[in-house]
Amino acid sequence: MAAHGGAGASTLAAVFGGIDAGRNWPRPDKGEPNSVLLVARTHAAGLQAVSWTLDLFRRGEQPPGLELVAVVLVADAPGRLPRQLLQRIKVIGSAIEIHRVPWVPAWRTGDLTAPPPRETARLAALVTPPGQETHTRSDR
């Protein structure tokens, strides 16, 4: 599920599998998954959207039956993050598991055929159905 527009949820669903719920809450009563990976960019607005959603779960105001499994943070640009963003990520990580996805230039142009970065192996394991394999760059 995307925490905000442009989070990268569609790209991640195309690369790793899973269901892209967009910005809508999944509906387990309609056969959709009850386990949610919340996807956001690593910019200030993306991290604020994650905090807002985490607060909904903390207060128990999410739709019934949903479980927030982890937050997936997709790099909003190449290079290192500013210290203030890293500090916000650390705070979020104290409340929930975080998976970081580095900047992938090919994804920006729509090329989703290259194996995902090795840093995403744990994320791939979360969304890959049993019996299917997802290859990372370290598998080459």
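The values are calculated or read from the model by the stated rules, or taken from the named source; none is laboratory data. Keep in mind it's a predicted model, so treat the numbers as computed, not measured. In this analysis, Cβ positions are derived from the backbone assuming ideal geometry, glycine residues included, and neighbour counts consider all displayed protein chains. Each accessible area value is taken on the protein alone, full model and side chains, heavy atoms only, with ligands, DNA and RNA left out. Shrake-Rupley method; radii C 1.70, N 1.55, O 1.52, S 1.80 Å.
Quick look at the numbers
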read-out: Options Leu81, Leu85, Leu56; residue that is farther than 22 Å from Leu126 by Cβ, free of Cβ contacts under 8 Å to residues at least 40 places away in the same chain and open to solvent by less than 40 Å² (accessible area, probe 1.4 Å); value: Leu81
read-out: Within the stretch 14-28, considering residues that are open to solvent by 20 Å² or more (accessible area, probe 1.4 Å) and touching a helix residue (DSSP H, G or I) at 6+ places or on another chain (Cβ under 8 Å), the one nearest to Arg41 (Cα to Cα); value: Gly22
read-out: Subset of the stretch 107-116 that is within 18 Å of the chain's Cα centre (by Cα) and farther than 14 Å from Ala9 by Cα - its residue that is modelled with the highest pLDDT; value: Pro116
read-out: Top-ranked residue in the stretch 59-77 [being assigned to a loop (DSSP other than H, G, I, E, B) and acidic (Asp, Glu); ranked as least open to solvent (accessible area, probe 1.4 Å)]; value: Asp76
read-out: Checking Val15 against (1) free of Cβ contacts under 8 Å to residues at least 40 places away in the same chain; (2) within 16 Å of Val127 (Cβ to Cβ); (3) hydrophobic (A, V, I, L, M, F, W, C), the condition it does not meet; value: (1)
read-out: Pair list, Cβ under 6 Å, 6 or more apart: the stretch 88-102 residue within 17 Å of Ala7 (Cα to Cα), other residue open to solvent by 80 Å² or more (accessible area, probe 1.4 Å); value: Pro102/Glu119
read-out: Qualifying residue in the stretch 29-40 (condition: under 20 Å from Pro117 (Cα atoms), open to solvent by 30 Å² or more (accessible area, probe 1.4 Å) and either touching a His at 6+ places or on another chain (Cβ under 9 Å) or not aromatic (Phe, Trp, Tyr) (or both)); value: yes
read-out: Residues (surrounded by 18 or more Cβ atoms within 10 Å (Cβ to Cβ) and out of contact with any Ser or Thr (no Cβ under 8 Å at 6 or more places or on another chain)) located in the stretch 3-12; value: His4, Ala7, Gly8, Ala9, Thr11, Leu12
read-out: Selection from the stretch 106-130 of residues that are part of a loop (DSSP other than H, G, I, E, B) and surrounded by fewer than 16 Cβ atoms within 10 Å (Cβ to Cβ); value: Thr109, Gly110, Asp111, Leu112, Thr113, Ala114, Pro115, Thr128, Pro129, Pro130
read-out: Subset of the stretch 88-105 (residues that are open to solvent by less than 30 Å² (accessible area, probe 1.4 Å) and assigned to a helix (DSSP H, G or I)); value: Ile89, Ile92
read-out: Checklist (1) buried (at least 16 other Cβ atoms within 10 Å of the Cβ); (2) closer than 22 Å to Asp76 by Cβ applied to Ala45, failing item; value: (1)
read-out: Residues of the stretch 18-32 classified as within 18 Å of Leu56 (Cβ to Cβ), without any contact (Cβ under 8 Å) to a residue 40 or more places away in the chain and of a type outside the set (D, E, K, R), total; value: 4
